[in-house]
1. Could you put L3, L28 in order, starting from the residue whose Cβ has the fewest other Cβ atoms within 10 Å?
2. Between K72 and E147, what is the spin-label point distance in nm, taking each point 7 Å from the Cα along the Cα→C-beta axis?
3. Using a Förster distance of 22 Å, how high is the FRET efficiency between V46 and Q22, based on the Cβ-Cβ distance and rounded to 0.05?
4. What order do you get for K41, K29, K15 when you list them from fewest to most C-beta neighbours inside 10 Å?
5. Modelled label-to-label distance, E57 and T95, 7 Å Cα→beta-carbon offset: nm?
Amino acid sequence: MPLSMCRTIQGLEIKPTRMALQLADRSLKYPYGVVEDVLVKVDKFVFPVDFIVMEMEGNSDVPLILGRPFMKTARVLIDVENGKLKMRVDDEEVTFDVSKAMTYPNDDKACFQFDELDEVCMVQERMVRNISPLEKTLIDACEDLDEEEEKLIDEC
């Protein structure tokens with residue numbers, strides 16, 4: 001959620017976070033904070049949703065990004081072949097025609113997906129777990145190699 005949108009909604013408490021977001025170009029961005037339990041209405045359903053708040057330009061075509069955790073909460077089923085998205089709550093459901101709802105960004109270089117990374121957990125995992133130089137290379141973690149490990153890989 002853009003910070004500008006967050007500030008227009010009354011009563012939201014922005015909580016600080018240590019989360020880091022890795023963008024498609026592998027750069028890291030640090031959110032402004034997190035807001036929890038924001039009520040979002042989708043058709044006839046209302047869901048409590050947590051949002052990551054970013055200092056970024058708002059996009060009127062895509063004002064909010066609802067990701068996988070939201071889809072799990074809303075029990076979303078996606079039929080790619082028929083272009084349908086079904087949202088279910090209890091015994092009720094709503095079906096959307098994805099092909100009719102699709103819009104394309106004005107900026108063709110824009111990226112609208114973030115992968116969440118908790119930097120502290122990642123650092124702890126690296127410290128606790130001994131990873132061989134080969135495994136580090138295979139998981140695309142070359143930036144963590146020291147000089148000796150890089151020489152070993154070059155010799156292979």
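None of the figures in this text is laboratory data; all of them are computed from the coordinates on show. Worth saying up front: this structure is predicted, and the values here are computed from it rather than measured. Note that each Cβ is placed from the backbone with ideal geometry, even for glycine, and that neighbours are counted across all protein chains shown.
1. L28, L3
2. Taking the two extended label points, one gets 4.4 nm.
3. For R0 = 22 Å, the calculated efficiency reads 0.10.
4. Least to most surrounded, the residues fall as K41, K15, K29.
5. 3.8 nm
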